[in-house]
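Here is the structure we will look at.
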Number of protein chains: 2
Amino acid sequence: MVPTTIWLVEDNVRYRNTLAGVINRAQRMICSQAFARCEEALDLLQHTPPPDVILLDIGLPGISGIQGLEKFKQIAPATHIIILTVYDDNDKVFNALCAGASGYLLKDSTPEKIIAAIDEVLAGGAPMNMQIAHKVLEMFTRLKPVQADYGLTEREREILQQLVSGLTKQQIADKLFISFHTVNTHCKNIYSKLHVNTLSGAISKAYREHLI
Amino acid sequence: MVPTTIWLVEDNVRYRNTLAGVINRAQRMICSQAFARCEEALDLLQHTPPPDVILLDIGLPGISGIQGLEKFKQIAPATHIIILTVYDDNDKVFNALCAGASGYLLKDSTPEKIIAAIDEVLAGGAPMNMQIAHKVLEMFTRLKPVQADYGLTEREREILQQLVSGLTKQQIADKLFISFHTVNTHCKNIYSKLHVNTLSGAISKAYREHLI
DNA sequence: TGCAAAATACCACAAACGTGCGATTGTCCC
DNA sequence: GGGACAATCGCACGTTTGTGGTATTTTGCA
């Protein structure tokens with residue numbers, strides 16, 4: 001049975017060696033490469049078959065783990081990348097996950113957890129520490145459209161939609177088979193309901209408050 | 001020691017009873033209420049201290065679990081709600097998490113997993129099945145800004161930013177201490193670079209492609 | 001049946017925008 | 001020294017928008 005190949009990118013020598021030891025002692029896993037910097041790993045990735053999994057630190061000298069992550073994914077999209085870091089701030093977590101991380105572990109994770117995480121990504125999962133998972137769900141609640149209700153009618157929403165798409169009033173009139181004057185009237189009502197008095201204000205409000 | 005109080009909302013009688021049994025056999029947990037419909041639970045929540053955790057199905061008669069989730073959260077924001085359902089489509093997962101679910105389990109979860117999930121939310125975690133966690137991370141990669149580069153200069157981005165915020169050219173000129181003509185020229189260049197010829201087109205492009 | 005809201009249409013005028021030109025200054029880099 | 005680029009400023013003119021009105025028809029609902 002072919003063992004799972006794993007690369008490490010971690011600048012702390014001792015932690016890197018410890019990790020490599022943990023992985024190599026696990027069944028069917030081999031830590032075939034370990035680097036202190038993303039640049040080295042990226043170089044090698046150009047001429048070598050990619051590993052199954054990369055364990056990646058974020059706080060690295062040179063290009064950061066998150067920037068590196070994007071580049072890794074460009075070269076080897078199928079390789080799973082698990083972030084292993086001390087950083088748990090929303091920004092780092094968010095950016096790492098957007099960049100395509102398959103998992104996010106904190107460095108206080110036990111060796112067993114780390115091995116389990118590798119198994120989990122290979123099984124199609126997304127290993128995360130408890131607190132990271134919690135942050136992730138919190139981020140979702142912030143995405144929730146607040147949907148302020150300005151009492152726009154259906155037709156007004158339709159006109160607003162067309163304005164947002166970049167058409168002029170005349171073009172909207174033509175598209176909806178109504179007169180310019182009607183579109184103009186609708187716009188007046190929309191502006192009044194949204195408390196704006198420019199097109200740009202209306203469009204911005206539409207985007208920001210998910211009116212469209 | 002006060003036991004953790006748990007409510008169930010699950011329309012299948014047999015599964016509901018099984019779940020209640022599992023919970024009541026666990027240490028320091030009590031299933032104090034079990035409902036077939038959200039409406040009943042919402043009624044009782046008006047006159048009763050809220051439970052610590054609600055296990056909530058999604059496919060319910062009457063108002064759906066996701067709509068119910070929003071109402072539960074309005075009445076009892078501190079209560080943790082764990083979705084327990086057969087549905088694993090992106091839309092349901094996304095909406096449930098946006099509505100404030102603390103966890104998302106599929107019904108093929110073992111009794112041990114369910115009990116562990118309750119413990120996990122109480123400890124500040126966010127229990128999810130492996131496949132759900134994977135979906136969640138996938139959703140993040142879709143959020144990733146594509147950041148098309150239209151070669152806007154720093155000043156042009158600044159002007160665009162002001163346009164998006166709803167100011168007129170004259171207002172921008174005053175704000176940045178430059179002449180109207182300069183703003184006008186920048187606008188011309190912005191429009192040319194973005195391949196648009198109206199303000200609305202520029203603003204929409206800015207929002208849609210995360211230029212700002 | 002009758003009322004309120006929504007959708008439609010029109011006019012006029014000032015303000016703001018879009019676009020065609022041209023021009024100067026400063027900076028960076030080869 | 002010269003070329004490329006960014007930022008600045010200017011003018012003219014036609015187009016579009018924003019806003020003040022008024023008015024008719026359709027539609028939903030009580």
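The values are calculated or read from the model by the stated rules, or taken from the named source; none is laboratory data. Computed from a predicted model, the values in this text were never measured in an experiment. Counting neighbours? That spans all protein chains shown, and the Cβs are built from the backbone with ideal geometry, glycine included. When the accessible area is computed, the model is the full protein with side chains, heavy atoms only, and any ligands, DNA or RNA have been set aside. Shrake-Rupley method; radii C 1.70, N 1.55, O 1.52, S 1.80 Å.
General remarks:
- In the condition set (1) in contact with a Phe, Trp or Tyr (Cβ under 9 Å, 6 or more places away or on another chain); (2) crowded, with 19+ Cβ neighbours inside 10 Å, A:I114 is compliant with all but (1).
- The lone exception for B:Y87 - which of (1) more than 16 Å from DNA strand C (Cβ to nearest atom); (2) within 13 Å of another protein chain (Cβ to nearest Cβ) it fails: (2)
- Hey, B:V136 more than 30 Å from A:E70 (Cβ to Cβ) and in contact (Cβ under 8 Å) with a residue 24 or more places away in the chain or not: no
- Each residue in segment B:133-144 was checked for being of a type in the set (A, V, I, L, M), facing another protein chain (nearest Cβ under 7 Å) and surrounded by 15 or more Cβ atoms within 10 Å (Cβ to Cβ), and 3 of them qualify.
- Checked against (1) more than 11 Å from DNA strand D (Cβ to nearest atom); (2) within 14 Å of chain A (Cβ to nearest Cβ), B:C187 passes all but condition (1).
- Test set (1) touching a residue at least 60 places away in the same chain (Cβ under 8 Å); (2) crowded, with 19+ Cβ neighbours inside 10 Å - B:Y15 fails condition number: (2)
- Those residues of segment B:159-187 which are more than 10 Å from DNA strand C (Cβ to nearest atom) and at positive phi, in sequence order: B:F177
- Among the residues of segment B:81-121, just one is in contact with a His (Cβ under 7 Å, 6 or more places away or on another chain) and aliphatic (A, V, I, L, M), namely B:V121.
- Single match in A:S32, A:S102 (criterion: farther than 22 Å from A:R14 by Cα and in contact with a strand residue (DSSP E or B) (Cβ under 6 Å, 6 or more places away or on another chain)): A:S102
- The listed residue being closer than 18 Å to A:E138 by Cβ and not acidic (D, E), out of B:L105, B:L143, B:L60, B:L44: B:L143
- Only residues that are within 11 Å of DNA strand D (Cβ to nearest atom) and crowded, with 18+ Cβ neighbours inside 10 Å were counted in segment B:191-212, giving 3.
- All helices (runs of 4 or more DSSP H) inside segment B:99-212 with 2 or more residues being out of contact with any helix residue (DSSP H, G or I) (no Cβ under 9 Å at 6 or more places or on another chain) and more than 21 Å from A:R208 (Cβ to Cβ): B:111-122, B:180-194
- Looking across segment B:90-132 at every residue that is in contact (Cβ under 8 Å) with a residue 60 or more places away in the chain and within 12 Å of chain A (Cβ to nearest Cβ), the one that is nearest to the chain's Cα centre (by Cα) is identified as B:V121.
- Residues of segment B:52-73 that are assigned to a helix (DSSP H, G or I) and either touching a residue at least 60 places away in the same chain (Cβ under 8 Å) or open to solvent by less than 40 Å² (accessible area, probe 1.4 Å) (or both): B:G65, B:I66, B:G68, B:L69, B:F72.
- The residue that is surrounded by the most Cβ atoms within 10 Å (Cβ to Cβ), counting only those in segment A:151-190 that are closer than 30 Å to B:F140 by Cα and touching a residue at least 40 places away in the same chain (Cβ under 8 Å), is A:L163.
- Just one residue in the set B:I23, B:I83, B:I6 is within 21 Å of B:D108 (Cα to Cα), surrounded by 14 or more Cβ atoms within 10 Å (Cβ to Cβ) and without any contact (Cβ under 8 Å) to a residue 40 or more places away in the chain; that residue is B:I83.
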